[in-house]
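Student: Please read through the structure below; I'll follow up with questions.
A short reminder: the numbers here are calculations on the coordinates, not readings from a lab. Small disclaimer: the values here were computed from a predicted structure and weren't measured. Methodologically, a virtual Cβ is constructed for each residue, glycine included, from the backbone with ideal geometry; neighbour enumeration extends over all protein chains shown.
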Amino acid sequence: MRRFLDLLDLEDTQIQNLLALAGDLEQTPRHDTLRGRVLGLIFMNPSLRTLASFQAGMAQLGGSTFVLTPGQGTWQLETRDGVVMDQEAAEHVREAIPVLAQYCDALGVRAFANGKHLDEDLGEGVLRAISDVAPCPLINLESAANHPCQALADWKTLDDLGVSPRGRFVLSWAWHPKPLPLAVPTAALGMAARRGMDVVVARPEGFALPDSLMERARRAAAASGGSVSETTDYESAMRDADVLYAKSWQAPSVYGDAEAESKLRAGLRTWCVREDWFSSARPDAIFMHCLPVRRNVVVADEVLDGPRSRVVRQAGNRLHVQKAVLLEMLGSL
Amino acid sequence: MRRFLDLLDLEDTQIQNLLALAGDLEQTPRHDTLRGRVLGLIFMNPSLRTLASFQAGMAQLGGSTFVLTPGQGTWQLETRDGVVMDQEAAEHVREAIPVLAQYCDALGVRAFANGKHLDEDLGEGVLRAISDVAPCPLINLESAANHPCQALADWKTLDDLGVSPRGRFVLSWAWHPKPLPLAVPTAALGMAARRGMDVVVARPEGFALPDSLMERARRAAAASGGSVSETTDYESAMRDADVLYAKSWQAPSVYGDAEAESKLRAGLRTWCVREDWFSSARPDAIFMHCLPVRRNVVVADEVLDGPRSRVVRQAGNRLHVQKAVLLEMLGSL
Amino acid sequence: MRRFLDLLDLEDTQIQNLLALAGDLEQTPRHDTLRGRVLGLIFMNPSLRTLASFQAGMAQLGGSTFVLTPGQGTWQLETRDGVVMDQEAAEHVREAIPVLAQYCDALGVRAFANGKHLDEDLGEGVLRAISDVAPCPLINLESAANHPCQALADWKTLDDLGVSPRGRFVLSWAWHPKPLPLAVPTAALGMAARRGMDVVVARPEGFALPDSLMERARRAAAASGGSVSETTDYESAMRDADVLYAKSWQAPSVYGDAEAESKLRAGLRTWCVREDWFSSARPDAIFMHCLPVRRNVVVADEVLDGPRSRVVRQAGNRLHVQKAVLLEMLGSL
């Protein structure tokens, strides 16, 4: 495996093999497997889980990492072709990425959405520009519109907990003080559809996910035997639900227009998950979120501190699935 | 040992065992003892010694580290319970700490005093909030009102140099351009009292340490056979002194009131340690400071560059005692 | 070897041994050579290659690193002697460096030019202040007026590519939106002269390199059989050239005067390397640059993306030569 950019790029057997390997790694340390191997991590945006778990994972496998933060301790990087670089960016990825590939065995890159132009962000221009010039294995640490490490960790979490592959998976929008990227909604939606679940997207008017993302999920569901639907009513969505996956995202209908977005969000603070959201769900329905999560904004304390929450386990599985990805990429070299 | 938050929480035998182990580690490398083990380091404030020595120490023992800096490359963290998180902090320690504990074998946290409310800072609310939810071993890398790694390193330094456990230890306030936390004064005062020394706190009017800290030190002295007193006259304090430990701290009498504090400090630049401070001390009296230290502000070049200064050795001992703490916490797992 | 501060400080045999060792390391991993050894890296300025390659290099040799960034996650450091430290810097290198030397086996320091006073920058005051108090091996990661790691990597690159030691090496100034340090021009000029090449410095009026730097290169050339000349005409400079090494630098004639420098640069955007610069050069003439490089500002896409560019290979050689330096410094201890 040379690229881990989108979970839906993988074959079913690849996904199953990664999940099996992740389960094995959760049980058994392999201290020397990646001895002398180096993973380079480029963070254009903040991180807690990804930053810690990739460093820890490589270390546990006997390897090492280095971390670069363009715009902070490292030069700002340009990704557009043909630009006259007389502004902020001092270096182009066309140099930076091939250079770094000489120092390490694989690269991971985090580059969040710009949040200005929907087509640009959905087009994954930054990730593509980097992938086009990376001669080494490359891992998406969350891009403008995807987060495959999170998706694979979530899949493992559902398997670990015995959630039926035919169960009902509700992806619900939640209120948040800032407009957030579409990366995790895309990843969670695609993952659940690919797993064969009946996926319902609950979101207010104006927050419908872009057609291309819904269509992508529908294709995945068609292949796996799942389904994808959407609604503006979270109460009806939750009926018989097995999983509530909450996440805020900015309004695709007014993407990049901060003022219009703010107005659209104004009356929507009731979109904060509380225990009573689960009244018509299955009794053992679980709550999921990729973290970081704002307490009593996106979800109430009563849910996060209650028995439904699986958010810590989701994050724990980041470590295991990422180690599996690293072994697939580097272990056999 | 699951917590290293306050040196005075430890039994005498625990302290002696750590000091003995630190002495052993200073002589003998143990390259593979912590192979595959990971220490997570969370720095909410700047660091030189702590950042470098914990990374170096884990590496020398065969383990690894990762470093997170909330508010810089990582989300700002909330520590208060029940808050509606619609302000700056994007993640709560109730999620962040259990999540990180899944990636590593122990955590270290640095969280300086807020400097606004004395009771809050003395209450160690941030450290307690983290300790309450940390399922893994936890090390205090300097909290609002303590610095146990420094205290243990200082104890070892006194032992290394053969300073009598019944000697006279002067903790002196010094002038500084900014109001500084009480963490190191607390740690040094408690350490010297617990070691059985005759401790004198020299500080100007208005800079008396809070009653609770003095009382804590007096209890430690009562158990060890030492004593604790205070004075506003550094000259008399220095008579027959074995050790001068200098440190600036903000005025507890006007805590959080920057203007009043500034006035109180205005005439006090003579509180800069010079060689003549030692005229009535024992001939081989030593100078100690936790570092960083401002030259010719807190202490004159003539002292730091002269034969009395042990500040570099103190800092060197940070490495050895911390490796002992790490082995106690992780070595037997 | 205890210091790697200036390539021209080394004997010919030392340089040849480092180049031979670097070539060997490029072929053969030595995973355990530096087991348990730690390199401390102090970055007072941003970095991509140096930050990544030193961390990767130590890891590949079995050792570890820690990174400090004074002024960011670590206190700002004072380097001047005798100062009353009541301003920004909280710690002096007279403490910080000996302290850190206790935690690691070697230190690397990056401290760019201040850009205000030419004599001060050429005097390398910061690097000297650190070297004077460092009890451990010390590596220059780019100082005010030198970059020996880059120079050695460039030498290896010329050897790798079979560029004749008697070939023509053109060091050309290029336009840039900001005034840049003299470190890389100094390093490249000295390296090529020491290698025995016929070196021509092409630069506009006002951008002549300081006499002391030209004289230093002439002495190196005299010993090696090379030559050093300069011109304001890049076209004539390029006649029969084997190598064009481009780099921008601020005008020594108005050093520290931003306004005058800006005026001097105003009409000089034609100093952007294009393919037609090579029309009178040798057919297989190569293009070199230390990176980061601003595309279509310092050099056109057509050159960087064309067959002449060796910039990625130069950067790749940073890893190999630095590992050689580390082994020379630490391997035999």
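Student: Once the convex hull of the alpha carbons of chain C is built, what does its volume come to per residue, in cubic angstrom?
Tutor: 129 Å³
Student: What percent do you get for the relative contact order of chain A when only Cα pairs under 8 Å and 6+ apart count?
Tutor: 20 percent
Student: Residue by residue through region B:37-48, which ³J(HN,Hα) values in whole Hz follow from phi under the Karplus form 6.51 cos²θ - 1.76 cosθ + 1.60 (θ = phi - 60°), with glycine and proline marked x?
Tutor: 8, 10, 10, x, 10, 10, 10, 8, 9, x, 6, 10
Student: To the nearest 10 degrees, how steep is helix B:183-194 against the longest Cα principal axis of chain B, on a 0 to 90 scale?
Tutor: Value to nearest ten degrees: 70.
Student: State the number of lysine pairs found in chain A whose Cα atoms come within less than 25 Å, restricting to pairs 8 or more positions apart or on distinct chains.
Tutor: 8
Student: Using 1/(1 + (r/R0)^6) with R0 = 41 angstrom and r between the beta carbons of A:H117 and A:A20, what's the FRET efficiency to the nearest 0.05?
Tutor: Working from the Cβ atoms, E equals 0.55.
Student: Projected onto the charge dipole of chain C (+1 at Lys/Arg Cβ, -1 at Asp/Glu Cβ, origin at the Cα centre), which of C:W175, C:T13, C:G73 gives the Cα projection farthest towards the positive end?
Tutor: C:T13
Student: May I pose another question? Going highest first, how would you order B:278-285, A:121-128 by mean Cβ packing within 10 Å? Working shown, then result.
Tutor: On the way: B:278-285: 14.9, A:121-128: 19.6.
Ranking, from highest mean packing down: A:121-128, B:278-285.
Student: Please give the average number of partner chain Cβ atoms lying within 10 Å of the Cβ of each residue in B:63-75, rounded to a whole number. Provide the component values of the computation, followed by the final result.
Tutor: On the way: counts 2, 10, 5, 10, 7, 7, 4, 2, 1, 5, 11, 8, 5.
Across B:63-75, the average partner-chain Cβ count within 10 Å equals 6.
Student: I've got another one for you. Quick one: what are the phi-derived ³J(HN,Hα) couplings along region B:12-25, Karplus 6.51/-1.76/1.60 with θ = phi - 60°, whole Hz, x for glycine and proline?
Tutor: Per-residue couplings from phi come out as 4, 5, 4, 4, 5, 5, 4, 5, 5, 4, 4, x, 5, 5 Hz.
Student: Would you compute, for the Cα atoms of region C:245-315, the largest minus smallest coordinate along each principal axis and list the three values in descending order, in whole Å?
Tutor: 39, 26, 18
Student: Across 10 Å bins from 0, what is the distribution of all Cα-Cα pair distances for the protein assembly as shown, in whole percents?
Tutor: 2, 11, 19, 21, 19, 16, 9, 3, 0
Student: Residue by residue through C:114-123, how many Cβ atoms from other chains fall within 10 Å of the Cβ on average?
Tutor: That works out to 0 on average.
Student: Over region B:162-309, how many percent of alpha carbon pairs lie in each 10 Å bin up to the one with the longest distance?
Tutor: Each 10 Å bin holds this share of Cα pairs: 12, 44, 35, 8, 0.
Student: What is the set of long-range amide H partners of A:V228 at a cut-off below 5 Å, with H atoms built 1.01 Å from backbone N?
Tutor: Close amide H contacts, sequence-distant or interchain: A:V199.
Student: Express the relative contact order of region A:256-322 as a whole percentage, based on alpha carbon pairs under 8 Å and six or more residues apart in sequence.
Tutor: 33 percent
Student: Take peptide B:305-313, look around each residue's Cβ out to 10 angstrom, count Cβ atoms belonging to other protein chains, and average those counts.
Tutor: Per-residue shielding by partner chains comes out at 2.
Student: Where does helix C:211-224 land angle-wise versus the long Cα axis of chain C, in degrees 0 to 90, nearest 10?
Tutor: It is inclined by approximately 90 degrees.
Student: Moving on to the next point. For n ≥ 4 DSSP H runs only, could you compute -39500 (n - 2.57) per run for chain B, divide by its residues and tell me the 222 nm figure to the nearest 500?
Tutor: -11500 deg cm²/dmol
Student: Tell me the relative contact order for region B:162-309 as a rounded percent, counting alpha carbon contacts under 8 Å between residues six or more apart.
Tutor: 29 percent
Student: For a quick check: with amide H placed at 1.01 Å from N, whose amide H comes under 5 Å from C:S172's, ignoring anything fewer than 5 positions away on the same chain?
Tutor: Correct list: C:A202, C:Y245, C:A246, C:K247.
Student: Something else: I'd like the antiparallel share, as a percent to the nearest 5, of DSSP beta bridges with both residues in the protein assembly as shown.
Tutor: Antiparallel bridges: around 5 percent, rounded to the nearest 5.
Student: Working out 0.36 nm times the residue gap between B:E275 and B:R166, then minus their Cα-Cα distance, what length gain in nm do you get to one decimal?
Tutor: Working: separation 109, 0.36 × 109 = 39.24 nm, distance 2.38 nm.
Contour length minus Cα-Cα distance gives 36.9 nm.
Student: Let me ask something additional. What list of ³J(HN,Hα) couplings, whole Hz, do you get for region A:310-317 from phi and the Karplus terms 6.51, -1.76, 1.60, once you set θ to phi - 60° and write x for glycine and proline?
Tutor: 10, 5, 5, 5, 3, 5, x, 5
Student: For B:V273, list long-range residues whose amide hydrogen, built 1.01 Å from N in the peptide plane, is under 5 Å from its own amide hydrogen.
Tutor: Those qualifying (amide H under 5 Å, at least 5 residues apart or on another chain) are B:V299, B:A300.
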